[in-house]
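**Q** Encoded as structure tokens, here's the structure I'll be asking about.
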Amino acid sequence: MDDILLKIENLKAGIEGSQILNGLDLTIGAGETHVLMGPNGAGKSTLGNVIMGNPVYHQTDGKILFGGNDLTGLPADRRARAGLFMSFQNPTEVPGITLESFIRNAIRQRTGKNVKRLSFSRRLHEMMELLDMDESYGERDLNVGFSGGEKKKAEILQLLMLEPKLAILDETDSGLDVDAVRTVSKGIGQFQRSCDGALLIITHNAEILRDLKADCTHILVKGRIVKSGGPELVDEIQEKGFEGYLEEGA
């Protein structure tokens, strides 16, 4: 792997005194797409939150290197400015801040530069059209009154506008119907093609992966990655489930 973007070594972390990640190792190259699967409670969402620096979670050992820099101790906003992004299973509602204003300010914070309104508006509308979002959503308060599918589309819109170096998508397809999953998948595919960023897709649903090129699939059990492979590993999990890997995580 010529260009390592994210390298996690012997990561141990948890929440409220409970250790969830037990010596996890993971390497993601620039521009690669990795899929993370595992049974409920395996630590998938914990991994995403620890990478992003969510203060509720505590890293007790190991290293998270991003672009060669150790993220240990850095707050979430510094990690976001470095090029990390995470979409959540249940996006938060933010009254008083429109979706458009939120994205424009996030780009300003990410780049440290003023955002040209005309070019920003043009690209915003292009990406909203791609995601089958009415332009009026840009003027609505962030996620307030949005359906589950609309919230997920808003998250993918942010992904496309921010163009991070690494995006962690945590169960982005959760609770979506088939049409919404296809729309979200289309947005992720656009990110793969045009933004050159890496992806860590946390999912239970192979449907969202159907039209996406994945470089590597990982199975997480009891806080450890117990097997890594190619896209064929997704089909194996869909067919056989995780039962055969449970003892490997013990």
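The values are calculated or read from the model by the stated rules, or taken from the named source; none is laboratory data. Keep in mind that what you see is a predicted model, and the values were worked out from it rather than measured. Side chains included, ligands, DNA and RNA excluded: accessible areas come from the protein's heavy atoms. Shrake-Rupley method; radii C 1.70, N 1.55, O 1.52, S 1.80 Å.
**Q** Rounded to the nearest percent, how much of the accessible area of segment 141-244 (1.4 Å probe, protein heavy atoms only) is carbon and sulfur?
**A** C and S atoms contribute 42 percent here.
**Q** Sort Glu243, Glu126 from largest to smallest accessible area, using a 1.4 Å probe on the heavy atoms of the protein chains.
**A** Heavy-atom accessible area, descending, gives Glu243, Glu126.
**Q** Keeping every protein chain present and rolling a 1.4 Å probe, give me the accessible area per residue for segment 4-249 in Å².
**A** Normalised by residue count, the accessible surface of segment 4-249 is 47 Å².
**Q** Rank Asp134, Asp215 by accessible area, highest first, at a 1.4 Å probe radius?
**A** Largest to smallest exposure gives the sequence Asp134, Asp215.
**Q** Something else now. Which aspartates and glutamates have a Cα less than 16 Å from the Cα of Lys63, not counting those fewer than 8 places away in the same chain?
**A** Glu9, Asp25
**Q** Segment 223-242 to segment 39-55: how many Å between their Cα centroids?
**A** Comparing the Cα centres of segment 223-242 and segment 39-55, I get a distance of 18 Å.
**Q** When all C-alpha to C-alpha distances in segment 138-250 are sorted into bins of 10 Å, what percent of pairs does each bin hold, rounded to whole numbers?
**A** Taking all Cα pairs of segment 138-250, the binned fractions are 13, 41, 32, 13, 2, 0 percent.
**Q** Working from the pairwise distances between different alpha carbons, so that the mean of 1/r is found and then inverted, what is segment 1-157's Kirkwood radius in Å?
**A** It is 17.5 Å.
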